[in-house]
1. Among the lysines, which have Cα under 17 Å from the Cα of LYS611 when same-chain residues fewer than 8 positions away are ignored?
2. Put +1 on the Cβ of each Lys and Arg and -1 on the Cβ of each Asp and Glu in the chain; which of THR547, LEU471, SER65 then has its Cα farthest toward the positive end of the dipole?
3. Per residue of the stretch 510-516, in order, report the coupling 6.51 cos²θ - 1.76 cosθ + 1.60 (Karplus, θ = phi - 60°) as ³J(HN,Hα) in whole Hz, putting x for Gly and Pro.
4. Can you compute the radius of gyration and Dmax for the stretch 387-428, using only the Cα atoms, both in Å?
5. Compute the convex hull volume of the Cα atoms of the stretch 598-641, divide it by the residue count, and report the result per residue in Å³ as a whole number.
6. Once each part is reduced to its C-alpha centroid, what is the distance from the stretch 81-153 to the stretch 62-80 in angstrom?
7. Which whole-angstrom value gives the distance between the alpha carbon centres of the stretch 634-667 and the stretch 508-539?
8. Which of (1) 15, 50, 30, 5, 0; (2) 14, 36, 32, 16, 3, 0; (3) 15, 45, 31, 8, 1 is the computed P(r) over Cα pairs in 20 Å bins from 0, in percent for the structure on display?
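Please treat every number below as a calculation from the coordinates, not as lab data. Because the structure is a prediction, the values reported are computed rather than measured. Counting neighbours? That spans all protein chains shown, and the Cβs are built from the backbone with ideal geometry, glycine included.
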Amino acid sequence: MKRKMYYMLLALMVQAMALMGQNDSLVTISEITVTATRSEKHPDEVGRSVTVITADSIKSLAYNSLGELLAAEAGIYLVGANQNIGNTQSIFMRGSNSNQTIIMIDGIRISDPSAVNNAPDLSELSLADIERIEIVRGAHSTLFGSAAIGGAVNIITKKTMKEGLNADVSLTGGTFGSGTSLFAEDLRLAYKLKSGFYLSGEWYNVNMKGIDATVDTVTTPYVYKAPDMTDGLKKTDISFRAGFRREKWDIFAGYKLTDQATDIDKRAYVDDDNYTLDFRRNLITFGIQYELNDNMSVSASGGMTDMTRIAIDDSSVIGETPSFVPVYDRVYNKGEYTGKYSQGGIQLNYNTKGLDLVIGSDFSAEEMNANTFYYYYNAWAFPQPVYDTILSSLDTVMPSATTLGAYLHADLGGILFSEKLSYLSLGIGLRGGSHELFGSYFTYEVNPSVKIGDKGLLYASYATGFNAPSLYQLYTADQYVTWDMGYTTGLTRGNKDLNPETSRSFELGVKQRVNEGTWLGLSVFRTITDNTIEYVYLWDKNIGIDTLGENWGRDDYRGDRYLNLGTMTINGLELGVRSALSEKFSVSANFSIIGGSISYDPSDIDTSQTKGNHVQLFNSGQFLTKEYTVYGLTRRPPALANIALTYRPIKQLGLTAVVRHAGTRGDSRYESTLGPYGALATVPVADYTLVDLSAAFRLGAHFSGVLKAENIFDVEYYEINGFSTRGRSVYLKLAYSF
């Protein structure tokens, strides 16, 4: 039945593509993007792969999280999007690592400076207070600096409204498995004066009783015998904004508070009924823009954010003895992680016939801290009970880094030279800057394009990018001391000599708007990333690799460290299509094929950073004694597809069927046999195909709603091994606005 439904919808999509261009009745909403070039342009005119998601689209689709929304777009896979809402969500765009896509709110980067790799957790970002979302695929470091190797996602908050009082309220309820529930409330009030001043505020709240986050497959006695069965979430977002928009001025300042508490489990396959994660972020954004004349404007923008993440794993029941006596793990573990990030810049835009010029400079500063407390007690130890307390902190290190940069981007039209060359365009961009630790950097991009008739565009791009090491990778002070002689290499896990990951991206694409209701896009790309940062074990250089760990009276281990090693190569293809088949039928679809590998060469090892010791990769267990290549990308499917068919029997009702597919991919699992201390092995995760149905309706000018059923065939599947995904789900969202 599942396959029949999938093939039926696929056949309808193919038929839709064959019928393209036969209907011109659908009028699309005008879209504007500023992220792709830092200047206002229609996506069809931008020589990059760009997607703009409007507020109306977000409202009609009734997604419960930003991750679910982004996962429906070409080239993006979101681990965690189909698990409990509130579970960690990691973004993989065009096969890049989770910390290589920049996420922004109003141009201000959102990340977690206290995380190991500074990757953002998209579960903290709700769909409240959004005017539109702009996605630009491919390296974008020239305009936005670090972390934009895979692409950029810019969430633009609401600033437009009609004069007088504006109000939006929505209620969402649903269930996604036995005993589960989700309730969300959203209230937004705004008022705009005729003079152009406005004030708005929004309150968004979620309460969820979820599924057990882990998968129960463990049979070892006293392990995973008392699962909590449900893991919940409480989340509140509060935001305020004040501004002035009139004629030549656009000024705003905003504040947003995110506060959420999540029940989590210990790790894959291992439940924990008393493990919680509390997260809180304060975000301040501001901006001012002034139009000097019809061709020139100047703007300044910035923001500050601080976040606190507190993880507490209290002593909990993990099972019971045959005589039904509770068994406790007698462990208390608390970690408090804090991070701060600030950013600011100034920009000049100049636009005239055949020339669009952007010149700007910016700075950023980040810092982090971590304090952990670990307590263990064993009452049955002989000859007396044993307890241990471990405290660690980065207070004496206080990791921080600042970055300065300047950039230029110009779109040069052929019309500058001749009317006959008006179909040609060339985009060029440059960025130079300096990082506090690894020094100066330089990126650039070249982006030629050719118009095909009135509605088509053929484009190519070559762009370089970089991704700075995280504060943890640079500063964490842990070092290894041998248990018997107190010997140490003097090498810390953090490595201040790390260099940034650097990339080169090639892309060739075409966009064609057949008519107002039909659009298609195709792109092929290749990204090569050098200096990838790896976590490694170090082993005594004087001991043969084959005999490491064999003699327990000898300590062969020399600690662990972050090193620049390896080259990642990613190749891919993306296809997207939207078409109105008639006044009542429309179809949209996207397909992505992505493949990759990581190659290592022993000659890349900087022996001054290892003291000449043996290097073992933790991600595979391989000792780097010869050239070595790993094929496939962990947690990134080689094939992705999203197909949506919409039928409108009447203007006020839209019925949509969606098919989502993710191909077989690899996941990491600790394997004790890989080397003396074990390492990560790659295990497969099966492909899956899901079918969703929804009905969006409108009653009058102010009232609307969406009834949505996800995974209607209740497919059992996994995004990653050891963690559960939502089953058959039903949600109802009701909204009122005026």
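1. Partners found: LYS496, LYS541.
2. Farthest along the dipole direction, towards plus: SER65.
3. Once rounded to whole Hz, the list reads 9, 10, 9, 9, 5, 7, 5.
4. 27.0, 82
5. On the way: hull volume 3.7 nm³, N = 44.
Hull volume normalised by residue count: 85 Å³.
6. Comparing the Cα centres of the stretch 81-153 and the stretch 62-80, I get a distance of 11 Å.
7. Cα centroid of the stretch 634-667 versus Cα centroid of the stretch 508-539: 20 Å apart.
8. Identified label for the calculated read-out: (1).
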